[in-house]
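Notes follow once the structure below has been shown.
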Amino acid sequence: MDLIVPASLRMEHEELHRELAAATKLPGPVGEAARAAAKVLHPHFVDEEAFALPPLGLLAPLAEGERISQAAPAIAMAARLKAELPRMLAEHQAIGAALQRLAEAARSAGDEEVLHLAEKIAAHAKTEEEVMYPAAILVGEYLKILA
Ligand SMILES: [Fe+2]
Ligand SMILES: [Fe+2]
C-alpha cells in the first residue's frame, strides 16, 4: 500500500480549493474576503497533504490487519502532526475568522453559493480537528506498538 492521502480526502481538498479559487475572482468585498481566506488556507492545505493526512491512507489496511511496509515514514508524519498540532489548530482559528468574514460578505451580497462554501470549509476544519488529526496521530501511535 502507499502512504498517500485517501482519495476521498484529496478530492474534498481539491473541491474546496477549486471553489475558493473561483470565489477569489469575484469582484467587490466577496472576492476580497475570498482572497484573504485563500491566503491562510492554501499553505495550511499544503502542510496537511504533506504530513497530516497521508497516515490516514493506512487506516483501512491496518483495520484489515495487513502488514504495513511504510511504517517508518507514517510514524514520522504522525509525530510531526502531533508536534505541530498547536500551530495547525491556531491556523484553523485564523481560517475560521477569515471564513466568518467571507460568510458575512457573501450574506451581504446575497451570494448563497459562497456562503455555503464558507460553511463547508469551516465544517471541514471541524472534522479534521475531531476526527482526522486524532486518527492520523493514532495511526502513528499504533504503528509504534506494532513495531
Ligand atoms: Fe484540510
Ligand atoms: Fe485543516
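Could you list, in sequence order, all residues of region 1-40 that are of a type in the set (Asp, Glu) and either more than 30 Å from residue 66 (Cα to Cα) or within 14 Å of the chain's Cα centre (by Cα) (or both)?
12, 14, 15, 19, 32 - these are the residues of region 1-40 that are of a type in the set (Asp, Glu) and either more than 30 Å from residue 66 (Cα to Cα) or within 14 Å of the chain's Cα centre (by Cα) (or both).
Can you give me the number of residues within region 2-20 that are in a helix (DSSP H, G or I) and either surrounded by 13 or more Cβ atoms within 10 Å (Cβ to Cβ) or at pLDDT below 95 (or both)?
Of the residues in region 2-20, 9 are in a helix (DSSP H, G or I) and either surrounded by 13 or more Cβ atoms within 10 Å (Cβ to Cβ) or at pLDDT below 95 (or both).
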(Q) I'd like the full set of residues that are assigned to a helix (DSSP H, G or I), within 13 Å of ligand 1 (Cβ to nearest atom) and either buried (at least 16 other Cβ atoms within 10 Å of the Cβ) or basic (Lys, Arg) (or both), limited to region 39-68. (A) 40, 41, 44, 45, 47, 48, 51, 52, 54, 56
Q: Confirm whether residue 117 is buried (at least 20 other Cβ atoms within 10 Å of the Cβ) and within 11 Å of ligand 2 (Cβ to nearest atom).
A: no
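For every residue, the table says whether it meets (1) small (Gly, Ala, Ser); (2) over 17 Å from the mean Cα position of the chain (by Cα).
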{"residue": "47", "(1), (2)": "no, no"}
{"residue": "65", "(1), (2)": "yes, yes"}
{"residue": "85", "(1), (2)": "no, no"}
{"residue": "104", "(1), (2)": "no, yes"}
{"residue": "115", "(1), (2)": "no, yes"}
{"residue": "135", "(1), (2)": "yes, no"}
{"residue": "143", "(1), (2)": "no, yes"}
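Take the conditions more than 16 Å from the chain's Cα centre (by Cα) and assigned to a helix (DSSP H, G or I) and apply them to residue 74. Does it pass?
In short, yes.
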Q. Checking residue 110 against (1) among the small types (Gly, Ala, Ser); (2) within 16 Å of ligand 1 (Cβ to nearest atom); (3) out of contact with any helix residue (DSSP H, G or I) (no Cβ under 6 Å at 6 or more places or on another chain), which test does it fail?
A. (2)
Q: Name every residue in region 91-112 that is free of Cβ contacts under 8 Å to residues at least 24 places away in the same chain and either in contact with a Phe, Trp or Tyr (Cβ under 7 Å, 6 or more places away or on another chain) or in a helix (DSSP H, G or I) (or both), in order of residue number.
A: 93, 97, 100, 103, 107, 112
Q.
Please determine whether any residue of region 48-68 is under 22 Å from residue 22 (Cα atoms), at pLDDT 95 or above and not β-branched (Val, Ile, Thr).
A. yes
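Can you say whether residue 120 is more than 15 Å from ligand 1 (Cβ to nearest atom), among the charged types (D, E, K, R) and either in contact (Cβ under 8 Å) with a residue 40 or more places away in the chain or assigned to a helix (DSSP H, G or I) (or both), as far as the supplied structure shows?
Working: more than 15 Å from ligand 1 (Cβ to nearest atom): no; among the charged types (D, E, K, R): yes; either in contact (Cβ under 8 Å) with a residue 40 or more places away in the chain or assigned to a helix (DSSP H, G or I) (or both): yes.
Spelling it out, it is not the case that residue 120 is more than 15 Å from ligand 1 (Cβ to nearest atom), among the charged types (D, E, K, R) and either in contact (Cβ under 8 Å) with a residue 40 or more places away in the chain or assigned to a helix (DSSP H, G or I) (or both).
The values are calculated or read from the model by the stated rules, or taken from the named source; none is laboratory data. These numbers were taken from a predicted model, which means no experiment stands behind them. Reconstructed Cβ throughout: ideal geometry from the backbone, glycine too, with neighbour counts over all protein chains shown.
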